[in-house]
1. If I model a spin label as a point 7 Å beyond the Cα along the Cα-Cβ vector, how far apart are those points for A:Phe265 and A:Trp189 in nm?
2. Please compute, for peptide A:10-21, the average count of beta-carbon atoms on other protein chains lying within 10 Å of each residue's beta-carbon.
3. Ordered by residue, what ³J(HN,Hα) values in Hz, to whole numbers, does the range A:73-78 give under the Karplus form 6.51 cos²θ - 1.76 cosθ + 1.60, where θ = phi - 60° and Gly and Pro are x?
4. Rounded to the nearest 0.05, what FRET efficiency is calculated for A:Ala245 and B:Gln215 with R0 set to 60 Å and r the Cβ-Cβ distance?
5. Can you give me the Cα centroid spacing of the range A:158-236 and the range B:144-214 in angstrom?
6. What ranking do B:111-118, A:198-205, A:179-186 get when scored by the average of other Cβ atoms within 10 Å per residue, highest first?
7. For A:Thr26, enumerate residues with amide H under 5 Å from its amide H, sequence gap 5+ or separate chain, H modeled in the peptide plane.
8. Please give the charge dipole size of chain A, origin at the Cα centre, charges +1 on K and R Cβ atoms and -1 on D and E Cβ atoms. Round to the nearest 20 debye.
Amino acid sequence: MLAPSLLVVALVAFYPLGRTVYQSFTNQQFLALEPTKWVGLDNYFGAAGLIHDTMFRDAIVVTVKFTVITVFFEFVLGLIIALVVNSNFRGRGVMRAVMLVPWAIPTVISAQMWNWMYNDIYGVLNDGLMRMHLIGRGVAWTAVHPLASVCVVDIWKTTPFVALLLLAGLQVIPSELYEAAAVDGASKWQQFWTITLPLLRPAILVALIFRTLDALRVFDVFYVLLGQRPPQSMAIYNQYTIVQAGQVGYGAAISVAIFLIISVFVVIYVTLLRVEKQ
Amino acid sequence: MSVAAEGAGRPQARPAARSRRLRRNPVMRFVRRLPFYLLLALIAVWALFPFYWALKSAFTPDIDLFKTPVEYFPSHATLTQFRQVLGSSFFLRALLNSTIVAGSVTLLGLVIGALAAFALGRFGFRGRSATLYLMLSMTIFPQIAILGALYTMFNTSLHAWFFTVHPLYDTLGSLVVSYMIFTLPLTVWVLTSFIRALPKDLEEAAYIDGATPLQAFRRVLLPLVAPGLVTVGLLAFIAAWNEFLFALSFIETPSKYTVNLAIVAFPPPSGSTFQTPWGQIMAATIVVTVPLIVLTLLLQRRILAGLTAGAVKG
């Protein structure tokens with residue numbers, strides 16, 4: 001009964017992964033005239049290898065910047081939203097539904113929605129800011145502030161996911177704790193720091209892990225807003241190398257590097273989670 | 001500061017005397033809560049405005065859409081954009097393609113995944129938890145890592161004995177195959193935990209009556225797991241529907257575009273300006289998103305459980 005699943009996994013995940021590693025030691029090119037040769041570690045450490053590739057270095061920097069910025073804002077905004085919709089007020093159910101709307105929209109589509117709002121002439125963002133006299137004339141947002149434009153879309157789209165995870169964490173904190181703290185005269189602010197935040201730690205950790213791993217793989221937002229032009233994320237650069245430029249061997253080396261970078265984060269996080277459990 | 005404090009505490013936790021006083025004075029209460037309501041409004045606007053803007057643009061005729069200053073409400077609301085989008089074979093074809101791909105991936109994932117989940121959820125055997133972790137590791141598998149390998153695999157034809165498998169490149173089949181990478185682990189994980197939660201007695205009764213494991217699975221367990229199958233099926237469908245990287249890399253012909261590809265590369269209407277047809281793109285966006293929003297709101301808890309499968313159990 002397990003056989004079909006294992007077969008599929010082997011065929012679509014592990015065989016290609018092994019093949020990628022193998023390709024990374026060759027000079028394979030798509031539709032090349034010369035036969036593919038084994039080049040050892042040249043793709044990694046050779047004269048034209050990864051370690052000398054400034055475009056890849058830029059892509060790493062861009063991706064890390066993107067990850068730090070988006071995860072930070074998604075966490076802070078997500079926490080605020082989770083606290084808000086966890087408190088008692090009329091219309092809470094509606095509010096919980098409203099906050100989820102961005103999350104339901106596929107990344108490509110939400111990026112395209114923002115692309116139109118960012119439009120330099122007819123975009124609502126320019127119009128709104130000009131009406132408020134914050135800018136004098138239209139700004140071509142995705143050209144002038146590419147990374148910021150991409151980050152805003154990602155933050156808009158993914159904050160609800162973080163909020164939902166944190167909300168689930170908030171809901172299991174027993175209310176007796178707050179009552180006891182209130183009796184002892186603790187202010188709301190003190191309650192937040194001494195009860196809410198420590199007890200929310202596991203949920204926070206899970207949210208951060210999922211967001212970091214996702215952000216490191218980012219492709220869709222960058223592609224829709226910026227196309228293939230810089231700043232490129234790691235995945236954009238990799239896809240470009242393989243599909244557009246046809247450099248299969250070199251692209252495979254980039255893939256392996258990305259895989260290793262992400263694995264490092266996975267290992268760190270798994271360790272953190274295990275420590276958390278004990 | 002009042003922001004965090006409002007959320008962190010429960011109103012019941014307030015000292016009784018103070019809440020009585022506040023209840024007596026609704027004006028004071030409102031003033032005290034005002035920053036909170038402002039915050040609520042801010043969150044709602046932030047979450048909904050881009051969607052509203054797409055909706056507004058979809059109902060605005062081009063002549064009003066491409067002019068400044070921008071209109072915040074459509075003054076000549078029209079269905080033209082929707083009519084054009086739903087009348088264009090390009091977009092309808094993309095809708096059909098996405099449905100075919102996501103539907104096949106979901107069906108395959110459910111059939112294969114349910115069998116595996118039954119084995120993993122019911123039988124103890126060597127390598128059981130190893131298999132589960134293997135599946136889990138695939139959910140954090142960076143798809144980009146195998147792009148090149150899949151790309152070359154899909155571009156070669158396979159000769160086995162007397163028959164030839166044609167290259168999958170630029171066919172919907174390439175997407176069905178590659179999307180299994182994320183749908184199969186999802187179905188296996190969610191269904192395994194679902195099956196484990198069901199009491200064993202029913203199947204044991206079936207075994208006593210002489211049923212084989214496969215019969216027990218089909219006649220007893222499957223009907224019980226049906227709600228789980230529906231949810232995880234929808235999750236797999238949504239995941240496949242939203243995918244972009246593989247679709248962009250493996251599909252070339254516009255008639256084989258999925259919805260996401262179509263929305264990114266919407267062709268300008270023939271004979272008109274070179275401008276990007278934003279009105280039509282926004283109409284297409286609305287057509288695609290509204291069902292997804294409804295689904296997500298209905299399924300939010302299950303989606304979360306599916307996405308974080310394993311993270312909580314460790």
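All of the numbers you see were taken from the coordinates with simple rules; none came from a lab. Just so it is clear, the model here is predicted, and its values are computed rather than measured. Note: ideal-geometry Cβ built from the backbone for every residue, glycine included; neighbour counts use all protein chains shown.
1. Using points 7 Å along Cα→Cβ, the separation is 3.5 nm.
2. On the way: counts 1, 4, 11, 14, 4, 4, 11, 4, 2, 6, 8, 2.
If you average over the peptide's residues, the count of other-chain Cβ atoms is 6.
3. So the Karplus estimates, Gly and Pro as x, are 5, 5, 5, 5, 5, x Hz.
4. On the way: r = 55 Å, r/R0 = 0.91.
After rounding, the FRET efficiency stands at 0.65.
5. Taking the Cα centre of each part, the range A:158-236 and the range B:144-214 sit 33 Å apart.
6. Working: B:111-118: 24.0, A:198-205: 15.9, A:179-186: 13.8.
The densest-packed peptide leads the list: B:111-118, A:198-205, A:179-186.
7. Close amide H contacts, sequence-distant or interchain: A:Val39.
8. Details: 17 positive and 14 negative charges, 53 e Å.
Roughly 260 debye for chain A.
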